[in-house]
1. Restricting to segment 113-128, name every residue that is open to solvent by 10 Å² or more (accessible area, probe 1.4 Å) and without any contact (Cβ under 8 Å) to a residue 40 or more places away in the chain.
2. Which of the residues spanning segment 166-181 are over 14 Å from the mean Cα position of the chain (by Cα) and surrounded by 15 or more Cβ atoms within 10 Å (Cβ to Cβ)?
3. Only one of I84, I72 is in contact with a strand residue (DSSP E or B) (Cβ under 8 Å, 6 or more places away or on another chain) and within 21 Å of P18 (Cβ to Cβ). Can you tell me which?
4. How many of the residues in segment 182-219 are at pLDDT 75 or above, open to solvent by 40 Å² or more (accessible area, probe 1.4 Å) and touching a Ser or Thr at 6+ places or on another chain (Cβ under 6 Å)?
5. How many residues does segment 173-201 hold that are over 20 Å from E110 (Cα atoms) and touching a Leu at 6+ places or on another chain (Cβ under 7 Å)?
6. Looking at the structure I just gave you, is A40 more than 17 Å from the chain's Cα centre (by Cα) and touching a residue at least 12 places away in the same chain (Cβ under 8 Å)?
7. Is segment 134-155 home to any residue that is modelled with pLDDT of 95 or more, buried (at least 19 other Cβ atoms within 10 Å of the Cβ) and not in a strand (DSSP E or B)?
8. Any idea which of (1) over 17 Å from I53 (Cβ atoms); (2) open to solvent by 30 Å² or more (accessible area, probe 1.4 Å); (3) in contact (Cβ under 8 Å) with a residue 60 or more places away in the chain is the one E35 doesn't satisfy?
Amino acid sequence: MLIPSAISLLKKHRKILPPTGSIADLGDQLLYSREHAAQAFPEISNQILDEDIDSFKCVSLIYQNMGLCNRICIDYSENADIRINLNHSALSLPEIEAKFDMVTNHGFSEHVFNQMSVFECMHYICKSGGIMFHTVPCQGWADGNGWGHGFYQYQPNFFRNLASSNNYKIIDLQISPFTQSGTLHTFDSKLYPIFANPHLLKEEAREKLEINKGQFVSILAIMKKSADQRRFLCPHE
């Protein structure tokens with residue numbers, strides 16, 4: 001799901017994207033808030049707010065507006081352009097190796113049990129010098145009818161070690177309380193424990209950081225793949 005904070009970060013970094021290019025979404029990515037997206041991209045707001053255009057197409061319009069005109073979906077759903085169960089390796093698909101200028105993981109990887117396969121796939125299909133964009137649950141997310149959201153939540157350290165092991169450049173690392181406004185906070189090792197433990201703050205401090213009592217916090221990471229086409233390496237800690 002392309003949530004408001006992910007749109008905010010996309011817009012912030014649109015200059016690093018290629019003027020024309022291709023994008024692969026892991027998962028059948030839909031748009032969470034048409035209203036926020038329309039405010040972020042007023043030049044296409046009429047199309048985004050058009051109820052005759054479905055949510056998936058709205059995401060494509062946003063990418064096209066940024067120059068990423070060739071978009072495909074890799075998923076196990078019937079709507080996917082490339083249908084694959086990413087609990088299994090994508091290395092058996094040579095036709096998509098190093099093909100995409102940007103690869104996204106907007107709330108997808110936490111729903112796949114085999115984490116190695118997901119992050120190996122992103123590495124495998126991203127071009128040299130391409131962008132990998134992650135939006136994943138970090139703290140809270142006690143939805144799912146009380147069972148929790150997906151299988152996993154991620155720490156900032158996950159992306160620091162992922163980048164170090166595979167020679168990625170971290171372009172940006174942000175923490176976002178789940179809001180309609182797309183609020184972002186640049187990662188800070190002193191601030192992060194506050195997001196992880198909001199009950200330690202007084203209510204007015206929580207409100208200032210836009211951390212509500214239910215606390216749903218995401219981490220957003222934009223990383224650039226190096227020109228080195230070596231195979232994917234698992235991080236060690």
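1. Result: F113, N114, Q115.
2. So in segment 166-181, the residues over 14 Å from the mean Cα position of the chain (by Cα) come out as 166-169, 177, 179-181.
Residues satisfying the conditions are N166, Y168, P177, T179.
3. Details: I84 fails: within 21 Å of P18 (Cβ to Cβ).
The unique qualifying residue is I72.
4. Of the residues in segment 182-219, 1 are at pLDDT 75 or above, open to solvent by 40 Å² or more (accessible area, probe 1.4 Å) and touching a Ser or Thr at 6+ places or on another chain (Cβ under 6 Å).
5. Going through segment 173-201 one residue at a time, the tally reaches 4.
6. Details: more than 17 Å from the chain's Cα centre (by Cα): yes; touching a residue at least 12 places away in the same chain (Cβ under 8 Å): yes.
The answer is yes for A40.
7. Scanning segment 134-155 turns up at least one residue that is modelled with pLDDT of 95 or more, buried (at least 19 other Cβ atoms within 10 Å of the Cβ) and not in a strand (DSSP E or B).
8. (1)
The values are calculated or read from the model by the stated rules, or taken from the named source; none is laboratory data. The structure presented is a predicted model; accordingly, all values stated were derived computationally and were not measured. Neighbour counts run over all protein chains shown; Cβ positions are idealised from the backbone, glycine included. All accessible areas refer to the heavy atoms of the entire protein, side chains included, with ligands and DNA or RNA removed. Shrake-Rupley method; radii C 1.70, N 1.55, O 1.52, S 1.80 Å.
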